[in-house]
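The values are calculated or read from the model by the stated rules, or taken from the named source; none is laboratory data. This is a predicted model, so every value here is computed, not measured. We place every Cβ from the backbone using ideal geometry, glycine too, and count neighbours over all the protein chains shown.
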Amino acid sequence: MRKTLFALLLLAAIVVGAWRFLAPAPAPKNPIERMKAVSPIETVSTPKASAPVAREIPKSPKLDARRAEMEERFTDLKEEGRRIRETLMASDPNAAKAFQALGQRPEYREVIDRRHQIEAAWANAPESEREGMLNEMNSLRQQGIGMLLAEIQRMNSQPAGAVGPAGAAQVTAAPGANGVPAPAPAPPVVFQ
């Protein structure tokens, strides 16, 4: 009887251990992690049909070097505006407000929309038009950064309480009954 009981307990321990080892991992409780988890169906790979390889026409090394240089310059122009904007926002507290106020102006939106159009057309543009596109991208980047710097300067030149959330000046005091303006409010107390 003891041997049989011991054998059954040993068999049960082996079965439980094997089940824990071979059982699938539980699904994560976090919904985002569940979406990232690989399903068993995705682990089965199916052979993919290879696409026919088109024969490339050899290009001259001079054109390839020129094209690579233009691609690099275009990428730099795209990223430089973003880097300048991030640097300004990190260094100046009014830069975020200025950028938000500037984003609502139609002339700035036109500059940004034109930059997006050039970026979209760049991949399919012929070689003859790319130099002009690069020059226009550079001009648009300079216009956008100039507008942002002017808006920051305008916001910094105004008194601290005169700038509203949309960047417009607010009226702080209404004229009194006899036409004399009311006195300006006391400046806020700042603890340092």
* Asked: Of the residues that make up segment 86-94, is at least one touching a helix residue (DSSP H, G or I) at 6+ places or on another chain (Cβ under 7 Å), over 23 Å from ARG154 (Cβ atoms) and in a helix (DSSP H, G or I)?
  -> no
(1) in contact with a helix residue (DSSP H, G or I) (Cβ under 7 Å, 6 or more places away or on another chain); (2) of a type outside the set (Lys, Arg); (3) modelled with pLDDT of 85 or more all hold for ILE152 apart from (3)
